[in-house]
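Since the structure comes first, as structure tokens, the remarks are kept for the end.
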């Protein structure tokens, strides 16, 4: 068997981080060498010889962690939020100083969600109509979801590039809100229902046929396969990569 | 074999009426004795001995047709629109003068749509959340559909009667329209997609589970079984009946 | 506020029982007075003054528990398996000796599954075709599921009673298994997929339309509302009741 | 406006051909110059100056038609069946004699079905489980459908290439047929329901999530956009192309 990859997890006792630890622990080809949380010294992961760091911490902490990783040649897989264009530009400059080190920053580690987005964007120019229905538990604060907005933007961009005309819609009398939210010309509908977790349907329609791409997340474990796949791939991908889909060629 | 029921169709060359004629013609236990359209004399159906008249005509014509039917003891199955409370009251008074004659006025002859509405109303008090997604072809003028509105009203009434609390919804930031139209407290979402015909989903959610009731109409023929079932049943149901569900005990 | 109902749970540390304890604990109108597991003396629930006992234990233990409950006038809600016709007859005779005490024996406490079954049976005679697709996690041992078999039997019985003809099926060349399992004349298809929990769709089809009734269980908590509803209702329903649907008029 | 493409249709009065004629007629950028059926002389399409021929005829007739097209430099879009490996090899040899002429032979002109198949194959290696449910009208003779078989083969090939292990399945007691037909290791379930047209779902499942790709054909017009897209593209694609997906880069 090939040597196992030594992995350190930052944010190891957080909601996501603890599941990453469990998943790394369960994988035959990975070894969990350091579990670091906010009261621990992040240098622990260097001391323990981590080859890859996984960071699900806080926007205030993550840049310091990445500096440490870059300084010691530790590859990094980052799910922490707060990476706007300015921060990404700063990070890119730092990464360029450290040839051979790979850093992935990704807002979404769900392989299914990423496939859904790509398939939706690829199919969109072949159809007259595209709408999105996302369905979540009723304790969610925002509507529509970030994934639904992002999907709508990708669909709209693909249609613009292909020169697709606007979707037909003869609605002349409507109750307020009936036709959903308009995201870049794509109607997005948000359902909130007790019992649900996180679900999304992209509906595409043309003459006499429809294509539906649906993603269902049933529990938090659904992002773990994406994190592990990134851990395995990042060592062969020096430089800064933004978006898991680019790392994994999803 | 039992004697066949003699049926006359008013509006026989209209979009719906012509399909009713075809369906009556194809049924072993029914006999199509009169096809009357706007240029024909409606008395034809009496002359031809119709036992039951089916009326898919116009609000301006239907009351005259019903007067003729009542005068000659012909039962009537009516899908023509325009029956508001005042008109129904007037019709009820007329029908009461003719004991033994049955008249059905129904806005919807789709057995599936009627079952969906009843099931939704019966299930609604057992769940915390109820939402409706209706999906139609993009040449439809109104949003949401009449069926979706009616379903929402029935759901809301059932929940009021059972003392159900409002559905949970923690949405604090939303794009306009994302959470759908509010019909009597029930969120209703209207999708318009090329390729679709007429579809509706009622989603009910409780702790750890959801129940979904979906009705798909693929073509206009879907109302024919309801019309034929009404033709067969109306002779045993004297007086005025409003709603196919009451005639067929759906 | 009305007095709370005192509840004792037998099998309190089991997979189901522990969740029942949590749900009782969380309900404002119920009080968890006794948690009994296999090493405890079941008389504890009498001593602690339980008005209702909930039993999710073992076929070997449950009859002794029920004897105790009946002797002390404690109502019982039983989800333990193993109640065949002989055992139900014996239990019915015992219950009749104790007027005023209510006992519910139910194989299924999911309100959604029970509604799905009833709706399917009611709708079935109105359609030409009925098929069932059940979808579960891939560690399930039996195919199709017990719920799918039971649904098929109820559908078949409703169609027999209504005199429905067999569903049309022109299949002349088929791969083995393609058309599913035949349960009482109803085709049942079993999907096994990683990520799923427990799901079932009943598909009904007629001329130009289909009606679909779908139930999704996302986690074990989905039976808890049914158990609590039974606890609240059993005191007003003396005698033996078999099936939650009869207690709750689902 | 650019010059319109002159199109001749062979099999112009057949079920598919007549709809192709209507679709060509309705397209602004195409001109229907010849409608040829079995009693007509196919040379008509050369006389009328067709740049592209569309052939939905019979296996016995199509090779003669293609000889004529090749001889006169007319591009061809062929949906006629019967092209086995031997026939394709013979055709390829003939086409190579006529540089500049493009011939497309395609078993399926539904863009949606082709997208579904590609997406399913691309997603399959990322999931532990894949199953297919196809749903059709009850007058269909074969089960499962050709599209479902083809999808299963593509999925199986993609998983073999990626080294995916077999899907997990702990089924130990099953009714005959419950787990569907085995096509190359992929379970395929065939539902037959009055009211349906042609539908297929590919279900993919991994840890805590599922991805579903569904294609619904509501009427025969659904293949027309694919035929028109092929007519527009074939002039720029000399040589023999097998499969619309290769012509359109679907």
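Where a number appears in this text, it was derived from the coordinates with a stated rule and is not lab data. Just so you know, these numbers come straight off a predicted model, no measurement behind them. Note that we place each Cβ from the backbone using ideal geometry, even for glycine, and neighbour counts take in every protein chain shown.
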Worksheet item: At q = 0.14, 0.17, 0.18 Å⁻¹, what is the log10 ratio I(q)/I(0) for chain C, with the Debye formula run over Cα points and no solvent?
Response: -0.96, -1.22, -1.31
Worksheet item: What does a probe at residue A:60 reach in region A:115-143, counting residues whose amide N is under 15 Å from the point 7 Å along Cα→Cβ?
Response: none
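Over all residues in B:161-172, what is the mean tally of Cβ atoms on other chains that come within 10 Å of each residue's Cβ?
For peptide B:161-172, the averaged partner shielding equals 3.
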Discussion item. Taking 8 Å as the Cα distance limit and 6 or more residues as the minimum spacing, I'd like the relative contact order of region B:62-161 as a percentage.
Written reply: 25
Fill in: Considering only region B:102-201, percent of DSSP beta bridges that pair antiparallel, nearest 5
60
Discussion item. Which order do the peptides D:187-196, B:115-124, D:154-163, B:229-238 come out in when sorted by mean C-beta neighbours inside 10 angstrom, highest first?
Written reply: D:187-196, B:115-124, B:229-238, D:154-163
Worksheet, complete the sentence: Relative contact order of region D:174-232 (C-alpha contacts under 8 Å, at least 6 apart) in percent is 20
Worksheet item: Cα axis of helix C:59-71 to longest principal axis of chain C: angle in degrees, 0 to 90, nearest 10?
Response: 50
Worksheet item: For the protein assembly as shown, taking Cα atoms only, what is the radius of gyration to one decimal and the Dmax to the nearest whole Å?
Response: 32.0, 102
Discussion item. Under the rule a/c < 1.5 gives rounded, and otherwise a/b versus b/c splits prolate from oblate, where does region A:50-115 land using the Cα gyration tensor?
Written reply: prolate
Item to complete: Give the order of C:55, B:41 when sorted by the count of other beta carbons within 10 angstrom, beginning with the fewest.
Response: B:41, C:55
Worksheet item: Just how far, in whole angstrom, is region C:1-50 from region A:59-91 if you go by their alpha carbon centroids?
Response: 51
Fill in: Likely footprinting exposure, D:172, B:164, fewest C-beta neighbours within 10 Å first
D:172, B:164
Worksheet item: Looking down the axis that turns D into B, which residue of D has the closest beta carbon, and how many Å out?
Response: D:218, 3
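In percent, how large is the relative contact order of chain A, given Cα pairs closer than 8 Å and 6 or more residues apart?
22
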Worksheet item: For residue C:89 and residue A:29, what does the FRET efficiency come to when R0 = 45 Å and r is the distance between their Cβ atoms, rounded to the nearest 0.05?
Response: 0.15
Discussion item. Can you list the copy-to-copy distances for residue C:4, using a point 7 angstrom from Cα toward Cβ, in nanometres, shortest first?
Written reply: 4.7, 7.1, 8.0
Discussion item. Could you tell me the ratio Rg/Rh of region A:136-250? Both radii from Cα atoms, Rh via Kirkwood.
Written reply: 1.03
Practice prompt. For residue D:235, place a label point 7 Å out from Cα along the Cα→Cβ vector, do the same in each other copy, and report the separations in nm, one decimal, smallest first.
Written response: 5.5, 6.5, 8.4
Discussion item. With n ≥ 4 as the cut-off for DSSP H runs, can you work out [θ] at 222 nm for chain C, using -39500 (n - 2.57) per run divided by the number of residues, rounded to the nearest 500?
Written reply: -10500 deg cm²/dmol
Worksheet, complete the sentence: Output field shielding_mean for B:144-155 (other chain Cβ, 10 Å radius) holds 1
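Which whole-number percent of Cα pairs in region B:179-222 have a distance greater than 18 Å?
In whole percent, the long-distance tail amounts to 45.
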Fill in: Among beta bridges that DSSP assigns inside chain A, antiparallel share in %, nearest 5
45
Worksheet item: Among the DSSP beta bridges whose two residues both lie in the protein assembly as shown, what percent are antiparallel, rounded to the nearest 5?
Response: 45
Discussion item. Based on the alpha carbons, how large is the Rg to Rh ratio for region A:108-191 when Rh follows Kirkwood?
Written reply: 0.98
Response to the item:
By the C-alpha gyration tensor axes a ≥ b ≥ c (rounded if a/c is under 1.5, else prolate when a/b exceeds b/c, else oblate), the shape of region B:1-70 is oblate
Response to the item:
Inter-copy distances for residue C:161, nm, shortest first, label points 7 Å along Cα→Cβ, are 2.2, 5.5, 5.9
Worksheet item: Where Rh is the Kirkwood radius over the Cα pairs of region A:187-249, the temperature 25 °C and the viscosity 0.890 mPa s, what D in µm²/s does Stokes-Einstein return?
Response: 164
Fill in: Dimensionless Rg ratio for region A:1-142, taking C-alpha atoms and the 2.2 N^0.38 Å reference
1.23
Discussion item. What distance in nm lies between label points placed 7 Å from Cα along the C-beta direction at residue B:47 and residue D:72?
Written reply: 5.8
Worksheet item: Against the longest alpha carbon principal axis of chain A, how many degrees, from 0 to 90 and to the nearest 10, is the axis of helix A:111-123 turned?
Response: 40
Worksheet entry | Estimated FRET transfer efficiency when R0 is 45 angstrom, pair residue B:81-residue A:15 (beta carbons, to 0.05) | 0.25
Worksheet item: Given the C-alpha centroids of region D:156-199 and region D:203-250, what is the distance between them in whole angstrom?
Response: 22
Worksheet item: On average, how many beta carbons from a partner chain sit within 10 Å of the beta carbon of a residue in A:109-120?
Response: 4
Worksheet item: Against the longest alpha carbon principal axis of chain D, how many degrees, from 0 to 90 and to the nearest 10, is the axis of helix D:85-96 turned?
Response: 40
Response to the item:
With a Förster distance of 51 angstrom and the Cβ-Cβ distance between residue D:249 and residue D:38, calculated FRET efficiency to the nearest 0.05 equals 0.90
Worksheet, complete the sentence: Taking B:173, C:171, B:151, A:139 and counting other beta carbon atoms within 10 angstrom, the fewest-first order is B:173, A:139, C:171, B:151
